[in-house]
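The values are calculated or read from the model by the stated rules, or taken from the named source; none is laboratory data. For clarity, every value in this text was computed on a predicted model and none was experimentally measured. Cβ placement follows ideal geometry from the backbone for every residue including glycine, while neighbour counts extend to all protein chains displayed. Side chains included, ligands, DNA and RNA excluded: accessible areas come from the protein's heavy atoms. Shrake-Rupley method; radii C 1.70, N 1.55, O 1.52, S 1.80 Å.
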Amino acid sequence: MQDALVLTPSRRRVWTRLAVAAVPLVTATIGIWVKAGPVAGLIAGALFAVMVVLLLLHTRRSSIVLTPYEFIEKGLGFQRRRPRGRIARLVRANVVVPRSGANETLYVLDADNDVVIRLYGANYTSQDVDRLVEALAVPCEGPDRPVTYAELARTHPHVLSWVERHPVLMTLTILGVLLLLVAVFVLSMLLLDMTGYV
């Protein structure tokens with residue numbers, strides 16, 4: 001009986017992503033400190049620090065485990081188990097995300113073309129994805145060049161989630177929610193300042 005294949009996120013990739021994300025987070029914290037005061041800056045800094053800690057904990061807990069019988073995806077607070085026998089084929093794509101570069105993504109499909117599990121390559125190396133594809137030993141297809149989600153949707157629409165099919169709308173929604181949260185936070189701080197609580 002073959003041993004289980006265990007893949008864990010690349011620490012180098014995770015730390016690189018954190019380093020890149022740190023610049024806007026620190027800049028935002030300083031901006032909030034200057035415009036809304038030290039209390040607001042400390043709160044924003046604490047929130048950003050919590051986000052970083054949660055990302056690190058998630059990365060530490062994350063893994064992909066392939067046994068002779070199961071495909072298991074683990075993360076912070078969740079574990080998805082799927083029978084290995086359900087896996088019928090794979091779609092492998094190097095997806096280009098604006099301002100983030102290209103990430104290899106592996107879509108694991110069942111016989112009905114439903115996605116069983118997605119492996120996002122942002123945290124895994126191409127060698128890890130190669131090992132998983134080889135171990136699964138089912139047909140693998142996909143574009144032979146980097147593609148956007150829109151291009152992938154034209155050839156393999158069944159593998160994409162709503163978010164992946166509508167990345168611009170999702171980005172605008174996230175930005176809108178963040179702007180709303182910042183506006184509520186700033187207004188709350190101003191009201192507290194005017195009433196003498198801050």
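Structure summary
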| item | result |
| --- | --- |
| Mean Cα-pair separation over length for the chain, i.e. relative contact order, pairs under 8 Å, 6 or more apart, % | 17 |
| Modelled FRET efficiency - R0 41 Å, residue 141 with residue 193, Cβ distances, 0.05 increments | 0.10 |
| Theoretical gain in end-to-end length, residue 79 to residue 118 [0.36 nm per residue, Cα-Cα removed] | 12.7 nm |
| Sites residue 186 and residue 23, calculated FRET efficiency, Cβ-Cβ separation with R0 30 Å, nearest 0.05 | 0.85 |
| Rg to Rh, two decimals, where the chain supplies the alpha carbon set and Rh follows Kirkwood | 1.07 |
| Alpha-carbon centroids, region 127-183 and region 47-102: separation in whole Å | 13 |
| Normalised contact order of region 37-94, rounded percent, pairs of Cα under 8 Å and 6 or more residues apart | 20 |
| Helix-only mean residue ellipticity at 222 nm for the chain, each DSSP H run of n ≥ 4 adding -39500 (n - 2.57), per residue, nearest 500 | -17000 deg cm²/dmol |
| Where region 77-162 is the region considered: accessible area per residue in Å², 1.4 Å probe | 53 |
| Positive dipole terminus of the chain, leading residue within 90, 15, 111 (C-beta point charges) | 15 |
| Cα gyration tensor category, rounded, prolate or oblate, for region 126-198 with a/c compared to 1.5 | prolate |
| Cα→Cβ-extended label distance, 7 Å offset, between residue 158 and residue 6, nm | 3.4 |
| Three-way shape call for region 30-102 based on the alpha-carbon gyration tensor, with the a/c threshold at 1.5 | oblate |
| Max mean-square fluctuation residue, GNM over the chain, Cα-Cα springs under 10 Å, options 137, 88, 122 | 137 |
| Rg/Rh ratio calculated on Cα atoms of region 69-170 (Kirkwood radius) | 0.95 |
| Accessible carbon and sulfur surface of the chain relative to its total accessible area, %, 1.4 Å | 65 |
| Potential extension, residue 179-residue 133 segment - 0.36 nm per residue separation minus Cα distance | 12.5 nm |
| Relative contact order [Cα under 8 Å, 6+ residues apart], region 1-82, whole percent | 34 |
| Unit charges at the beta carbon, dipole of the chain: most positive-side option, 39, 135, 152 | 39 |
| DSSP H segments from the chain that extend 27 Å or more along their own axis, Cα-based, with Kyte-Doolittle mean of 1.6 or above | 38-61, 167-194 |
